[in-house]
Amino acid sequence: MKTEQELPPDWIQELASSPFNEPMFTEKMKSSVMNSAANGSVKKGRKKRKSPTRLRITASAFMILLIAAVWGWRESPALQRMIPIQGLGYAAKWTPRSVYTEDGVDKLQAFPGGDYAAGSPAGAWWNLLTPVQELEGKTIHITAVHRDTGTTLEELAETEITSDMAYDNITRVSSRFGIPQAGLWRFDVMVDQEKYGDIVVDVPDSSWEPSPSFRSGNYAMTGVEGRLGFIHPPLIADKPNKYMWHFWGRAEELTGDLHITAIKRNTTEIIDVFEVAGLRPSSINGADAAVPTSMSLPSPGLWRIMVSINGQLFGSVIVEVDKHQD
């Protein structure tokens, strides 16, 4: 009898069940395989019999390949996009679409702005194909979920629908459309907390070229001139240091809670770096607002540092983090 310590790990136990949500090996396929096996086992009137040892070796090799395949799929977002083994219904659910249709009638449209890409706010129009008179006084709320990681964010905080959102015979709402990472995202649009429709967008990755330096006031900064940048000493992996961030924009954009996150190139995990409440406009070093921060990134390589204010992506900076020298 196995003790609790001797039980196999969870991921081995999971392999005991099929990785498919829908049957992938039909009775017809089984019959075809059995017939092929029967026909292939006869040659020149003599039946070939595989030895038990050879069968055991073949079965063992197959299990090893199956374990490797399932493990590789689970660890690779790229394979998950190429091979949606959850079934055809799952694949259809994540097919990119800019129009939501219900009972054959278009109900919702989305128009992201410009060359939208991960880490870069682009703005979006959301067209609810319902006259504003029918929706006025209700609330709209938009959330987004990333297919490969389950990361969820608030694209549009709960907002009251007003008459000035009328556009021809529909209702038009805007949002910042700031997405932190590439891949398939589903946007769920809720009206008075009931689902109105959903849109799926395949967000492309942005450039991983390190952000340039520019001067503002008497200081050299790294970032996007006229938008955001910071004065910093060299970035060393796993070594905290102080960094002075500067921002340019309208007063309403620069007022609220600041949250800095980061994602490393060729990874999917977004990590928290720094947060502080109460950012306010305050002219310094030629910028419209500034705040001192303490930051540390855990490993060397290219990182995208993303700044959000009041939950909305403000912009990002690409940096090269050096290896820590012992």
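The values are calculated or read from the model by the stated rules, or taken from the named source; none is laboratory data. Since this is a predicted model, take the numbers as computed values, not measurements. Cβ atoms come from the backbone with ideal geometry, glycine included; neighbour counts cover every protein chain shown.
Looking across the stretch 291-311, the residues that are surrounded by 20 or more Cβ atoms within 10 Å (Cβ to Cβ) and not aromatic (F, W, Y) come down to V291, L297, R304, I305, M306, V307, S308, I309. Checked against (1) under 18 Å from L135 (Cα atoms); (2) touching a residue at least 12 places away in the same chain (Cβ under 8 Å), D168 passes all but condition (2). Among the listed residues A117, A124, identify the single one that is out of contact with any Asp or Glu (no Cβ under 6 Å at 6 or more places or on another chain), closer than 29 Å to H259 by Cα and either touching a residue at least 60 places away in the same chain (Cβ under 8 Å) or of a type in the set (S, T, Y) (or both). After ruling out the rest, the residue left standing is A117. For the stretch 132-185, residues that are surrounded by 15 or more Cβ atoms within 10 Å (Cβ to Cβ) and among the small types (G, A, S) total 6. Of the residues screened, A118 is one that is under 12 Å from the mean Cα position of the chain (by Cα), among the hydrophobic types (A, V, I, L, M, F, W, C), under 30 Å from T268 (Cα atoms) and modelled with pLDDT of 95 or more. Within the stretch 170-183, if we keep just the residues that are of a type outside the set (G, A, S) and out of contact with any Ser or Thr (no Cβ under 9 Å at 6 or more places or on another chain), the residue that is modelled with the lowest pLDDT turns out to be R176. Considering the stretch 252-268 alone, what residues qualify as being exposed (fewer than 13 other Cβ atoms within 10 Å of the Cβ) and either at pLDDT 95 or above or of a type in the set (S, T, N, Q) (or both)? Residues satisfying the conditions are R265, N266.
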